[in-house]
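One structure is given below, encoded as structure tokens.
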Amino acid sequence: MKRIIIIIASIVTLILTGCEKQVKEYSKNFFYMDTYINIKLYDINENEANKAFGEIEQIYEKYQNMTNAYDENSEVYKINTSKEKKIEVSDELLEILALGNEWYDKSNGLFNINMGNLIKTWKTAREEGKLPKKLNHKITKLKIEDNYIKNSNVNIDLGAIAKGYATELVGNKLEDLGIEYYLINAGGNILVGKNAKKDYYTIGIEDPLNKSNIYEKVKGENISVVTSGGYERFFEVDNVRYHHIIDPTTKYPANKMLSATVITKSSTLADILSTTLFLYEPKEAIKLVESLDGVEAILYVDENTILKSSGFSKYEQE
């Protein structure tokens, strides 16, 4: 029997097609990290599914409560507003911050988790529909020493890493529970295990110029597919679009491409890299991907230019 199931999500869409085995499916929706999250689990019983959903919710809730820069009860908010000279950080948050600093170095400062004030300024501008009057924000690398942050210009925002990081933890938890067949759609951040119904999953990538169209399909199992683009959250002033991905070098939304999609095993890395590549010049972005093991990417530069990494073809769906 042929079925087509389309899961609507921002930026990437999962498409299951073809002759599929009939297996039990359990599905649940959550809302964390400012996004809708859909989890599908396959080929298990109801008790196993309910236990897994409970574990999954605990992970997303925990990391939302830890990393939300706008929640006064979160660890990140308390760090950002602390008056202490040295601020102690939990081991779990420290791991995320260290990853952020690692990619600050690898990206020559383009990926920066310490520009929360600038991001907040643009968030306010987007909500009000008008350009910010001043962009005199100081942009620096977060200073970490052992388990402490040196309180010098601390403006942490983990919007480009936290969701991917939590989603990877969810995937790891499912594997620990013996669940191999799963699909996680965290607001367009896709992480899939094995496919219980056929040989692989097919994932569609939206056309940034027409979101009702899929411009590329990729296939695979045990992979993460994440796209960053400027066409989901934006506002316009005088027919100019201003989106939410900010270039720290200009303090304005990046304008070097329309979307960047990354395929790799790690949801954390895919989340980080999709944002990082979006900030690069397109050819330099491809060079960065080529220097990394187990990573492929496709860049929608404009309606006439689409760039792919050299190994991307192994994921292409005919």
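Can you name the strands (runs of 3 or more DSSP E) wholly within the range 209-318 that have at least 3 residues being without any contact (Cβ under 8 Å) to a residue 60 or more places away in the chain?
Counting at least 3 such residues, we get 210-220, 240-243, 259-264, 296-302, 305-308.
Return the only residue of Gly164, Gly193, Gly188 being at pLDDT below 95 and not hydrophobic (A, V, I, L, M, F, W, C).
One residue alone meets the criteria, Gly188.
Take the conditions surrounded by fewer than 19 Cβ atoms within 10 Å (Cβ to Cβ), outside any loop (DSSP other than H, G, I, E, B) and not aromatic (Phe, Trp, Tyr) and apply them to Gln22. Does it pass?
When the stated conditions are applied, Gln22 does not pass them.
With the structure loaded, tell me whether Leu273 is among the aliphatic types (A, V, I, L, M) and open to solvent by 10 Å² or more (accessible area, probe 1.4 Å) or whether it fails that test.
Here the answer is no, as Leu273 does not meet what is asked.
For the range 237-257, which positions are at pLDDT 90 or above and farther than 21 Å from Tyr300 by Cα?
Selection gives Pro248, Thr249, Thr250, Lys251.
Assess whether Thr17 counts as being farther than 30 Å from Leu142 by Cβ, among the hydroxyl-bearing types (Ser, Thr, Tyr), modelled with pLDDT under 95 and open to solvent by less than 40 Å² (accessible area, probe 1.4 Å).
Taking the combined requirement at face value, the residue does not satisfy it.
Give, as residue ranges, the helices (runs of 4 or more DSSP H) completely inside the range 39-117 that count at least 3 residues that are more than 16 Å from Lys150 (Cα to Cα) and open to solvent by less than 30 Å² (accessible area, probe 1.4 Å).
It comes to 46-67.
Within the range 138-174, restricting attention to residues that are outside any loop (DSSP other than H, G, I, E, B) and out of contact with any strand residue (DSSP E or B) (no Cβ under 9 Å at 6 or more places or on another chain), which residue is surrounded by the most Cβ atoms within 10 Å (Cβ to Cβ)?
This residue is Ala162.
Anything in the range 152-164 that is under 17 Å from Ser74 (Cα atoms) and not aliphatic (A, V, I, L, M)? List them, or say none.
Selection gives Asn155, Asp157, Gly159, Lys163.
State which residue pairs qualify: first residue touching a residue at least 24 places away in the same chain (Cβ under 8 Å) and closer than 21 Å to Asn195 by Cα and inside the range 28-49, second residue among the aliphatic types (A, V, I, L, M) and open to solvent by 40 Å² or more (accessible area, probe 1.4 Å) in any location, beta carbons under 8 Å apart, and separation of 6 or more residues or different chains.
The qualifying pairs are Tyr42/Val23; Asp43/Val23; Glu48/Leu177.
How many residues does the range 159-202 contain that are closer than 26 Å to Glu216 by Cβ, without any contact (Cβ under 8 Å) to a residue 24 or more places away in the chain and of a type outside the set (Ser, Thr, Tyr)?
1
List the pairs whose first member sits in the range 76-91 and is charged (D, E, K, R), whose second member is assigned to a loop (DSSP other than H, G, I, E, B), and whose Cβ atoms are under 7 Å apart, counting only residues at least 6 apart or on separate chains?
Sorted first by the residue in the range 76-91, then by its partner, the pairs are Glu84/Asn151; Lys85/Asn151; Lys86/Asn151; Glu88/Asn147.
For every residue, the table says whether it meets (1) more than 14 Å from Thr264 (Cα to Cα); (2) surrounded by 17 or more Cβ atoms within 10 Å (Cβ to Cβ).
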{"position": "Phe278", "(1), (2)": "yes, yes"}
{"position": "Glu281", "(1), (2)": "yes, no"}
{"position": "Glu284", "(1), (2)": "yes, no"}
{"position": "Asp293", "(1), (2)": "no, no"}
{"position": "Tyr300", "(1), (2)": "yes, yes"}
{"position": "Ile306", "(1), (2)": "yes, no"}
{"position": "Glu316", "(1), (2)": "no, no"}
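Take the conditions in a helix (DSSP H, G or I) and at pLDDT below 95 and apply them to Ala125. Does it pass?
Judged against the criteria, Ala125 is a match.
Kindly provide the set of residues from the range 128-137 that are without any contact (Cβ under 8 Å) to a residue 40 or more places away in the chain and either within 22 Å of the chain's Cα centre (by Cα) or open to solvent by 40 Å² or more (accessible area, probe 1.4 Å) (or both), ordered by number.
Glu128, Lys133, Lys134, Asn136
Have a look at Lys106, Lys123, Lys141 and point out the one that is under 20 Å from the mean Cα position of the chain (by Cα) and either β-branched (Val, Ile, Thr) or farther than 21 Å from His243 by Cα (or both).
Lys106 is the lone residue from the list that is under 20 Å from the mean Cα position of the chain (by Cα) and either β-branched (Val, Ile, Thr) or farther than 21 Å from His243 by Cα (or both).
The values are calculated or read from the model by the stated rules, or taken from the named source; none is laboratory data. All figures in this text were calculated on a predicted structure; none of them were measured in a lab. Cβ: placed from backbone, ideal geometry, glycine included. Neighbour counts: every protein chain shown. For accessibility, only protein heavy atoms count, side chains too; no ligands or nucleic acids. Shrake-Rupley method; radii C 1.70, N 1.55, O 1.52, S 1.80 Å.
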